[in-house]
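The values are calculated or read from the model by the stated rules, or taken from the named source; none is laboratory data. From a predicted model like this one, the values you see are computed outputs, not experimental measurements. Cβ placement follows ideal geometry from the backbone for every residue including glycine, while neighbour counts extend to all protein chains displayed. The area values use the complete protein model at the heavy-atom level, side chains included, leaving out ligands, DNA and RNA. Shrake-Rupley method; radii C 1.70, N 1.55, O 1.52, S 1.80 Å.
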Amino acid sequence: MSVKIYHNPRCGKSRDTLKLLEANNIQPEVVEYLKTPPTAAELQDILQKLGLKPRELMRTKEPEYKENGLDDKSLSDAELIEAMVRIPKLIERPIVLKDGKAAVGRPPEAVLSIL
């Protein structure tokens, strides 16, 4: 059973999700995505597993969202994905992957559905 969490140790929801996994005897592969962002292909795969469009996985309230013109509705999915790769702070967190499924830990209990 391989579980991966895209984690930000400074984020309370991310820390809570990691604790929840560990409480369920799961030692996930922890990817600190601000240091090691997913590639565009990995992000596309995550979005497909989540059933979301890129903008739905973006932290639209971060200053970088508007500063980089990402509120422009004419941007393509590929452009939004590239922006998340360049500015990983814009990726909603945490994201947990297991056996071809994905969940965003907001709330942390949401990841239990894929375990």
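Could you go through the range 14-27 and let me know if any residue there is of a type in the set (Asp, Glu) and touching a Leu at 6+ places or on another chain (Cβ under 7 Å). No, the range 14-27 contains no residue that is of a type in the set (Asp, Glu) and touching a Leu at 6+ places or on another chain (Cβ under 7 Å).
In the set (1) without any contact (Cβ under 8 Å) to a residue 60 or more places away in the chain; (2) of a type in the set (D, E, K, R); (3) open to solvent by less than 70 Å² (accessible area, probe 1.4 Å), Lys53 fails one condition alone, (3). Suppose we keep only residues that are open to solvent by 20 Å² or more (accessible area, probe 1.4 Å) and of a type outside the set (D, E, K, R) within the range 89-115. Which one would you say is farthest from Thr17 (Cα to Cα)? So, considering only residues that are open to solvent by 20 Å² or more (accessible area, probe 1.4 Å) and of a type outside the set (D, E, K, R), the one farthest from Thr17 (Cα to Cα) is Gly100. Within the range 88-100, the residues that satisfy the criterion of being hydrophobic (A, V, I, L, M, F, W, C) and over 13 Å from Ala40 (Cβ atoms) are Leu90, Ile95, Val96, Leu97.
Among the residues in the range 69-86, are any surrounded by 13 or more Cβ atoms within 10 Å (Cβ to Cβ), touching a Lys or Arg at 6+ places or on another chain (Cβ under 8 Å) and not aliphatic (A, V, I, L, M)? Scanning the range 69-86, I find no residue that is surrounded by 13 or more Cβ atoms within 10 Å (Cβ to Cβ), touching a Lys or Arg at 6+ places or on another chain (Cβ under 8 Å) and not aliphatic (A, V, I, L, M), so the answer is no.
Can you name every residue in the range 1-38 that is open to solvent by 70 Å² or more (accessible area, probe 1.4 Å), of a type in the set (S, T, N, Q) and within 14 Å of the chain's Cα centre (by Cα)? Passing the criteria: only Thr36.
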